[in-house]
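Asker: Pasting in a structure now, in C-alpha cells, and then I'll have a few things to ask.
The values are calculated or read from the model by the stated rules, or taken from the named source; none is laboratory data. Keep in mind it's a predicted model, so treat the numbers as computed, not measured. Reconstructed Cβ throughout: ideal geometry from the backbone, glycine too, with neighbour counts over all protein chains shown. For accessibility, only protein heavy atoms count, side chains too; no ligands or nucleic acids. Shrake-Rupley method; radii C 1.70, N 1.55, O 1.52, S 1.80 Å.
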Amino acid sequence: MASIADFKAALLNTYRDFVSAGIPATRPKNPEKSDIRKVLGSYLVDILTDLKNSTVQGDAVLKGSWVDLAATLGTRDGQIGEVNGDAGSHTDPITGATVANSGRFTWDAAASAWKWIAADTLSSKADKSELDEVSDALAEVEPRVAVIELDEDGEDIAFKNAARRLLALMRGDGGLQTAFFETGDGGDSLVVHGPGRRALLRVGPDGVSLPGYAKAAAVARLASRVNPAAMSAPIFGPHLFFTTGSTQLVHPHSIQPVRTDGPQAIVTIEADAVPPAVPHPPLSSRDDPLVLTGDLLTGSATLITRAVGGDQLLTAPLTVLRKATPVTGSPAPKVLLLGDSITNRQTGYFTRAYLTSWGFAPLFVGTMGGSTTTSTTQAAGPLGEGREGWAYGDYFGVDTDDDCTSVVAAGGETAYQALSKADKLHANPFLRAAVAGDPANRQFTGPYGTFVFDFAFYLSRFALATPDVVLFNLGMNDVLEKGAAAVDQVARYLPIMLESLRAAAPSAKIVLWQTIDPKSAAGDTRWSSAHRAVIAKTLEVVLSLRATDANIYFLNVHAAQSAECGFARSAAAADAVTGVSAASYSDITHPTATNRTLHARMLADAIACLSA
C-alpha cells in the first residue's frame, strides 16, 4: 500500500526536468505515460482506498441525532460535530436561531455547547460504495485533469475527511477550481495553479505547502472527473433576442457551473432551416465565444453541451425572437429599468440610443433620471429606478446599511420628487405601511417599520404609466454584502417582487438579466463563491414562473459579456520601448466600455422584440 510520501516521491520523479535528475547534460525529460499511470492510477488510488476504509474523522464527533450530540461534551474549542439523518430542528444554544438537527456543528468551549455551522456534513457526502467508484475512476485520470478545492475555514479537517467529500464536489456543489499540474522553478516542485494562475498547492523537496494560506489546516482535495457531463450543465436562459443585423455572443466558460481557464465543456449552438432558407452554421467551442447571427436564425435553436472527454450530451431548446428594424410609426413602448448601480450608469442612456436609432420612441418610467456618464448622481438620462448600492433587502426595507435610509411616507410624494437624485437614492418609494389583511408572509419589518413591497402603490402614488416592458437587474449588491448567502436573498425576495410587478402590470413583459465578473483572482472567487449561484437562482425562478407566465424572460447578458475586458482598469506607465503597460482591474463590479454597450444593445434587442 503506497503512502503519501511514496506518492510525492513518485510524482516528483515522474515530472523531473532531466533524464538524470539534476544533470542538464542528460537532456530534458518528458514524462512517460506508464509512469503517469503508476503515479495516479496506483499510488494515489492506494492512498484514497486506505482513506475511504477509515472510519475515523480526526476527533470529530459523529452522532445520529441532535439529542445525542447535545448530550456529548466536546474535548476542545472548535471541535467538529456531525449529525446525519435527523429531520427535525432545534434552537441553537449559541445563536438562538432555529436550525436543522442534521448538519455540521462546532464546539464552543466557553458556552459548553454545540453551534450549528452548515447543512452539509463530511461523512454524509459519500458512502463507502461511492468512494469505491471514485478510487476506481482515479486509475484512469489523465495528469492534466484534476479539481482542487481548498478548505480555508481553519477547521481541523484531515486529508482523509476531504476524501469523503469527493463525490459531492464532483457533483458540482460549488467552490471548485480546475487546476493544472506543471513543474515549478528548477523542476524541483509540482505546482497546482488556480484562478489567475495563482499557486494553490506546491509539492517540493521541503514538503507540501499551501502558498497564500496561513492556516496549516487547509486541505487540498483532489477529485477525478467521475461524471464529466455533470460539470457542463449550462446556466443559460431559453430565449435569444435579435434585431436586424445583430449578433450575440455565448462565452462557453461563462455558462458553466465552474468557471476555469482550463478545458471543461464543448458548447454548441445548432439551428436548422427549411430550404430555401439558409441555415445558421453549427457553432462549437470550448474556449472562444460563439458568435450567433440573428438574421440566420429562424424560430428555434438548440444549446448542446458536452464535457471535454465525455460522451453525454446535455441539450436545451432555445426560442429565437427577431424584430425587423428600422420600424415605422414610432412605436412607443413604456419601459421601466429596475435595478442597482449597473442599471443607473448609462444603461438606460445607451439602450434608448439604440431604440431611437431604429425608429422607436420609448417612454421610460420611473422617479429618477439615470446617468449619461459614469457618475452615480448625474440624472440627465432616461427615467428609471437604478438605485446605487441597493440589494434585495433595501427594496424591502429590511437592510440596516446606509444604502436605503428612509421610506417615502404616504403623502410625501411631492417632497420626494423635489429631492436631488443623491437624496432620492436613499429613499424607498416602493413600500407602503402594512395594514390588516396583508398576508403575513408579505409583511417585512425593518428599521423604519413594517411594510409591504407594493408595485401598484408605487405606480399610483407617482401617477406613473404602467410599463409595457420591465428590465430587472438585481443581486450584485447581495453578492457584495452577503457573499454565499446572497442566493438565499434571491430565493426569498425575487418571487415576491415579481408577484407584485405582475399584479400591477398584468401584460408587461418582464426581462431579468445579470452581468459577468472579470477574470481575475477576485473575480473568479466572487463568481464561484456567490455570483454564479445568484445568476443560476434568478434563472431558476424565471423558469419556474414561466410555467404559468409566458411573459417573463431571462436575457443571457452574463453569457455574452467578456470576462477578459469591458471593466475599468488601472495601469502603470507604458514601457518606453514596447508601449506595453501592466494593468489590473480597478472595478470588477460595473461593466464599462464594450460590456456596457453590449448589455445595452441586448436590452434594446429584447425591448424591440417584445414590443408590438
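Asker: In terms of the ratio Rg/(2.2 N^0.38 Å) built on C-alpha atoms, what value belongs to segment 316-376?
Answerer: Compared with the compact-globule rule of thumb, segment 316-376 sits at 1.32.
Asker: Here's a follow-up. Beta carbons within 10 angstrom, averaged per residue: use that to sort the peptides 443-452, 411-420, 482-491, highest first.
Answerer: 482-491, 443-452, 411-420
Asker: Something else about it: Could you look at segment 252-353 and say what percent of its accessible area is carbon and sulfur, using a 1.4 Å probe and all protein chains?
Answerer: About 55 percent, which is the carbon plus sulfur part of the accessible surface.
Asker: Given the pairs K63/K115; K482/K519; K334/K424; K334/K421; K482/K537, which are separated by over 26 angstrom at their Cα positions?
Answerer: none
Asker: Taking the square root of 5 times each eigenvalue of the Cα gyration tensor, what semi-axes in Å does the equivalent ellipsoid of segment 499-588 have, largest first?
Answerer: Output for segment 499-588: semi-axes of 39, 14, 9 Å.
Asker: What percent does the relative contact order of segment 314-427 come to when contacts are Cα pairs within less than 8 Å and at least six residues apart?
Answerer: Once normalised by length, the contact order is 24 percent.
Asker: Would you work out what percent of the accessible area of segment 439-518, with all protein chains in place, is carbon or sulfur (probe 1.4 Å)?
Answerer: 53
Asker: Can you tell me the equivalent ellipsoid semi-axes for segment 253-307? Use √(5λ) from the Cα gyration tensor, largest first, whole Å.
Answerer: Equivalent ellipsoid of segment 253-307: 26, 9, 8 Å, largest first.
Asker: How big is the accessible area of F350 in square angstrom, nearest 10, if you roll a 1.4 angstrom probe over the protein chains?
Answerer: 50
Asker: Oh, and also: Need one number: the % of Cα-Cα pairs in segment 289-426 sitting beyond the 25 Å mark.
Answerer: 49
Asker: Counting only protein heavy atoms and a 1.4 Å probe, tell me what percentage of segment 530-612's accessible area is made up of carbon and sulfur.
Answerer: Of all accessible area on segment 530-612, carbon and sulfur atoms account for 56 percent.
Asker: By average Cβ neighbour count within 10 Å, what is the ranking of 70-78, 371-379 from highest down?
Answerer: 371-379, 70-78
Asker: To the nearest 10 Å², what's M602's accessible area with a 1.4 Å probe?
Answerer: Rounded to the nearest 10, the figure is 10 Å².
Asker: Could I ask something else about it? May I ask you to give the solvent-accessible area per residue for segment 516-585, in square angstrom, as obtained with a 1.4 angstrom probe?
Answerer: 42
Asker: Highest mean first, what order results for 276-286, 504-514 on Cβ atoms within 10 Å?
Answerer: Peptide ranking by packing, descending: 504-514, 276-286.
Asker: Note down the relative contact order for segment 331-381 as a percent, whole number, built from C-alpha pairs under 8 angstrom at least six residues apart.
Answerer: With pairs under 8 Å counted, the relative contact order is 43 percent.
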